[in-house]
Amino acid sequence: MNEDKQDIIAVILTHNRKDMLLQGIHGLLNQSRPLDMIIIVDSVSTDGTYDCLLASGVLDKAFIKYVRLEENKGPSGGFAQGIAMAQSHSPSWIWILDDDIVAAPTCLENLLKHKGVSRCIAPSRDEKTVPLFNPAVGFTSHSKALSFSSDKDVVFSNTCCFEGMLIHGDIVEKAGLPDERFFQVNGDTIYGFVVSLFTNIAHVKNASITRLLPQKKPLSNRRAYLLIRNHFLTRDYLKQYGLLRPSFFYINFALIVFYYSTIVAFRTKSPGMPFAVLKGLFHGIFKKFGAPQ
């Protein structure tokens, strides 16, 4: 790849968020370091996303490409296809963004200032702490100690998410694409973790993004199902890279299953959550992954 030219392609995945998508695209168009291409991947939206983009004039720009998928494969599957499309153009960098993210005008410019120390660089968001994936238990934790509260300009971690990660094309070749079997929940965490095996992941304080969606809603049965089911995929990745510690992993997983099927079910007043957890266990054991069934 041509390191001097530094072609950068943004991949933004959308599903039924046309108004937020437009804000995110305008954020990309206003970057102090212009993008060479923007690929909009529409994951089977039904809210008139294409007509909205057409009416706004966004699609009149030659460097903006719109692709509508034939099937909704969730964030993992959608970004897998979007990254593959971007990679076919042999860019130096690929910038991965959700459709509810608006990047500050200097976000990309400030991310690129750290290309000498990392080939996967993530922005900071709304005072959110930097994630750390714990391979011993297979879950991500967020700690105030691992954040920018200590006046660090850059924090290194072993994972990141699809909310603005900037990844070098060479790393995509080594790490591969996101695993579409996750569909949703932990797909970006595991992809970030795999990427961290090939480069340091740097989270940059002054490269900021804003998330347009409100704070997280109460845990749904669907998310509980995916969390439990996808933990089997997490286990397989840990095993693949020689990081699985079976006794500790399974003891912790048993506690998680108990926690969600009892305490969380009680707190969320959801009588269906224990059944969602059991369904997640069943599908995980029998490897029924992908879109929720």
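No value in this document is a laboratory result; all are computed from the given coordinates. On a predicted model such as this, the values are computed, not experimentally measured, just so you know. We place every Cβ from the backbone using ideal geometry, glycine too, and count neighbours over all the protein chains shown.
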List nothing, just return the count: lysine pairs in the stretch 1-121, 8 or more apart or interchain, with Cα separation under 24 Å. 8
Cα extents of the stretch 231-293 along the principal axes, largest first, in whole Å, come to 39, 26, 14
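Just tell me the longest site-free run in the chain, where the sites are chymotrypsin sites (Phe, Trp or Tyr not before Pro) in a DSSP loop having at most 13 other beta-carbon atoms within 10 Å.
Working: sites that count: Phe63, Tyr241, Phe286.
Result, exposed sites excluded: 64-240.
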Give the relative contact order (percent, whole number) for the chain; include only Cα pairs under 8 Å separated by 6+ residues. 20
Here are several values of Rg and Dmax of the Cα atoms in Å: [x] 19.0, 58; [y] 19.2, 64; [z] 24.9, 85. Which one was derived from the coordinates shown? [x]
Between the helical axis of 246-258 and the dominant principal axis of the chain, each derived from Cα atoms, what acute angle in degrees is found, rounded to the nearest 10? 80
Once phi is turned into θ = phi - 60°, what whole-Hz ³J(HN,Hα) does the Karplus curve with 6.51, -1.76 and 1.60 give for every residue of the stretch 170-178, x standing for Gly and Pro? 4, 6, 4, 4, 7, 7, x, 9, x
For the chain, find the longest principal axis of its Cα atoms and tell me its angle to the long axis of helix 18-29, 0 to 90°, nearest 10. 50
May I ask which of Lys144/Lys174; Lys239/Lys287; Lys128/Lys174 have a Cα-Cα span longer than 26 Å here? Lys144/Lys174; Lys128/Lys174
Normalised by the residues of the stretch 117-213, what does the relative contact order come to in percent, with Cα pairs under 8 Å and at least six apart? 46
Can you give the calculated 222 nm mean residue ellipticity of the chain, where each DSSP H run of n ≥ 4 adds -39,500 (n - 2.57) and the sum is split over every residue, rounded to the nearest 500 deg cm²/dmol? -11000 deg cm²/dmol
Roughly how far apart, in whole Å, are the Cα centres of the stretch 18-90 and the stretch 232-293? 33
Taking amide H positions as placed 1.01 Å from N in the peptide plane, with prolines and chain starts having none, which residues 5 or more places from Asp99, or on another chain, fall under 5 Å of its amide H? Leu13
Which whole-number percentage describes the relative contact order of the stretch 158-226, with Cα contacts under 8 Å and a sequence gap of 6 or more? 42
Return one number: the angle in degrees, 0 to 90 and rounded to the nearest 10, between the long axis of the Cα atoms of helix 187-196 and the longest principal axis of the Cα atoms of the chain. 70
